[in-house]
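Down below is the structure, laid out as structure tokens.
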Amino acid sequence: MTLPFREKFAGESPYGAPQLNVPICLNVNENPYPPSSELIADITQAVASAAANLNRYPDRDFMELRTDLATYLAEESGVKLAPEQIFAANGSNEIMVELLQAFGGPGRTVVSFAPTYSMYPEYARNTESRWMAGRRTEDFDLDLTHVRELIARERPALILVASPNNPTGTALAQEDLVELLETTWNSGPGEDTASLVVVDEAYAEFRRDGVSSALELLDEYPHLVVTRTMSKAFGAAGLRLGYMAAARPIVEQVTIVRLPYHLSSLTQAAARAALAHRAKLSEQIRQIRAEREKLVRELAGLGLEVAQSDANFLMFGLFEDTHSVWQALLARGVLIREVGPRGFLRVSIGTPAENVAFLTALTEVLS
Ligand SMILES: Cc1ncc(COP(=O)(O)O)c(C=O)c1O
């Protein structure tokens, strides 16, 4: 007897950054600050009152949460959206899979530009979509000539672009995004069909002043989707709440493939409680951004190359043997991430004390 394993999964292993019990964890781009005691109290109360109705299925359309998310986006980026233009799921990972289920699939191609988020090819694999990775320039920007050629050749149903990009930290220039959106009006899998352009803004709140959000272009481009998450700036990775903003026909299509009652009433209640505390986020984000700029200078001071970052992490190098540097840091109680192009490592921005510990350990390792 053997189980009906699928050939395509032979030799595959599940996604997973190491979850190790070490003093300094700077490997998965979390917000280093735990929720305040006021927020914990509010979440506890909200979850308790949702628990009183746990015998009932949750609100399938979660319009209250969508309204709160629209309010938050309007404050954060100045872009006003109707609640019907927002959709949420258990992390932006789930949103992305739903987008591929709705618009990708057999006979359809998903394009992205490497190096980028390592989950994208897995979403394509799991939805039977064809995966095609183009390349980026030496500075990890999009090479628009290459982008146009690839899109004309592949006629993708979806194009995934993370901005700020993971693992590089670099943001997509708004003029390049406009070019991409202009190039994709008719580049989709059928006659007169657009390619869906999905901008993954998981780290958008950390962008430097003057860097735009793709949300600003939603009104003009009905084939644009912007995804966001509460896992990073909101400091709620454990909550599992990701969301997207797009034109209504896209949201309606995603609603067709979502699982019934996919967003638990406890998640909805906790997310709303966390969103109500949003005013207190900006000081924390400001501090993480300031720590990032400080760490850029310090890494450069060690003679290292650091990619320009609009996120809460830095990609730095170049090392001949990244694994031995990673290992030596781990031996000193500092966990970072071995990810990205050859010679580079990635570190998340921690608290000031964690950043000092990382830098002290790295200085030791390099000397
Ligand atoms: C670029 C990018 N998109 C999406 C995600 C997933 O976030 P979520 O926790 O919302 O599923 C991550 C997580 O690291 C990420 O780096």
Inset, instruction - Can you work out which of the residues in the stretch 108-146 that are in a strand (DSSP E or B) and aliphatic (A, V, I, L, M) is surrounded by the most Cβ atoms within 10 Å (Cβ to Cβ)? - result: Val110
Inset, instruction - Go through the stretch 284-316 and give me each residue that's in contact with a strand residue (DSSP E or B) (Cβ under 8 Å, 6 or more places away or on another chain), charged (D, E, K, R) and under 24 Å from Pro34 (Cα atoms). - result: Arg292
Inset, instruction - Go through Glu205, Glu220 for me and flag whichever is more than 10 Å from the ligand (Cβ to nearest atom), out of contact with any strand residue (DSSP E or B) (no Cβ under 6 Å at 6 or more places or on another chain) and farther than 26 Å from Ala269 by Cβ. - result: Glu220
Inset, instruction - From the list Ala357, Ala307, Ala331, pick out the single residue that is free of Cβ contacts under 8 Å to residues at least 40 places away in the same chain and assigned by TED's automatic domain parsing to the domain that holds Ala17. - result: Ala331
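Being assigned by TED's automatic domain parsing to the domain that holds Ile43, at pLDDT 95 or above, crowded, with 21+ Cβ neighbours inside 10 Å and under 16 Å from Thr267 (Cα atoms) narrows it down to one residue among Ser195, Ser231; which is it?
It is Ser231.
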Inset, instruction - Considering each residue of the stretch 89-133, count those that are within 15 Å of the ligand (Cβ to nearest atom) and small (Gly, Ala, Ser), and give that number. - result: 8
Legend entry - Unmet criterion (only one of (1) without any contact (Cβ under 8 Å) to a residue 12 or more places away in the chain; (2) in the same structural domain as Leu215 (by TED's automatic domain parsing); (3) within 16 Å of the ligand (Cβ to nearest atom)) for Gln19: (2)
Inset, instruction - For Leu65, state whether it is out of contact with any Asp or Glu (no Cβ under 7 Å at 6 or more places or on another chain), surrounded by 12 or more Cβ atoms within 10 Å (Cβ to Cβ) and under 29 Å from Ser212 (Cβ atoms). - result: yes
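The values are calculated or read from the model by the stated rules, or taken from the named source; none is laboratory data. Note that the coordinates shown come from a computational prediction; the quantities given were computed from them, not determined experimentally. Cβ: placed from backbone, ideal geometry, glycine included. Neighbour counts: every protein chain shown.
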